[in-house]
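Colleague: So that we are looking at the same thing, I have put the structure below in structure tokens.
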Amino acid sequence: MPEPARPPARLRALLSWQANKVATVGTRLTAQQMPLSARTDFAVLAALDEFGTMSQADLGRRLGLDRNDVSVVVTRLEADANVQRVPDPADSRRNRVVLRARGRRYLDELQERADLVQESLLARLGTREREQLRLLLDQVLDEHPGWSA
């Protein structure tokens, strides 16, 4: 049986090339676990869970999403009673988005799916190696001027 084709060493030596390939595999695995809409739901719900009630504009800035996209996601989540829009007491022209109990349960379901993806993607790494990789990637992103969430 022939050995699988392997990319050239010069490519494999580029961490950016490897990171891109890992991201591609992660995206494919994620698509098997949840539809595209659930991925954006996860991002919005996770932000509300961690940072609390905020405006749609703040959600967009925090997640790097266009405000129109945020509006579509929040409308979908609100229709299923996962979030609620409430008037902003500081500015009556604006709404704030509140995570509801049902949304927390939905977030937990999505987290389980995301965890399955991570387990599959990182199966060859031990717990310590996973944490080290996460910390290194955090460091690259946090300190790079080309990154803004």
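Colleague: Which whole-number value in Å² is the accessible area per residue of region 12-149, probe 1.4 Å?
Modeller: Accessible surface, normalised per residue, equals 69 Å².
Colleague: Just read off the accessible area of Ser120 with the full protein assembly in place, 1.4 Å probe, to the nearest 10 Å².
Modeller: Estimated to the nearest 10 Å², Ser120 gives 70 Å².
Colleague: Now for a different question. Whose amide H sits under 5 Å from the amide H of Arg94, counting only residues 5 or more places off or on another chain, with H placed in the peptide plane?
Modeller: Hits under the 5 Å cutoff: Asp88.
Colleague: Using a 1.4 Å probe on the protein chains only, how many percent of the accessible area of region 6-122 belongs to carbon and sulfur?
Modeller: Values: 3780 of 7530 Å².
Roughly 50 percent of what the probe reaches on region 6-122 is carbon or sulfur.
Colleague: Taking only the alpha-carbon atoms of region 1-124, what semi-axes of the equivalent ellipsoid follow from 5 times the gyration tensor eigenvalues under a square root, in whole Å, largest first?
Modeller: Numbers: eigenvalues 271, 55, 23 Å².
For region 1-124, the ellipsoid semi-axes come out as 37, 17, 11 Å.
Colleague: Now, a different point. Any idea what the dipole of the chain comes to, in debye rounded to 20, about its Cα centre with Lys/Arg Cβ at +1 and Asp/Glu Cβ at -1?
Modeller: The dipole of the chain has a size of about 300 debye.
Colleague: So who's got an amide H within less than 5 Å of the one on Val83, skipping anything under 5 residues away but keeping other chains? H placed 1.01 Å off N, in plane.
Modeller: Sorted by chain and number, the residues that satisfy this are Glu78, Arg100.
Colleague: Amide H neighbours of Met54 under 5 Å, counting only residues 5+ apart in sequence or on other chains, H built in-plane at 1.01 Å?
Modeller: Val97
Colleague: As a test of reading the structure, rank Thr127, Thr24 by solvent-accessible area (1.4 Å probe, protein chains only), most first.
Modeller: Thr127, Thr24
The values are calculated or read from the model by the stated rules, or taken from the named source; none is laboratory data. Just so it is clear, the model here is predicted, and its values are computed rather than measured. Here the Cβ is made from the backbone with ideal geometry for all residues, glycine too, and neighbour counts use every protein chain on show. Keep in mind that these areas ignore ligands, DNA and RNA; they rest on the heavy atoms of the full protein, side chains included. Shrake-Rupley method; radii C 1.70, N 1.55, O 1.52, S 1.80 Å.
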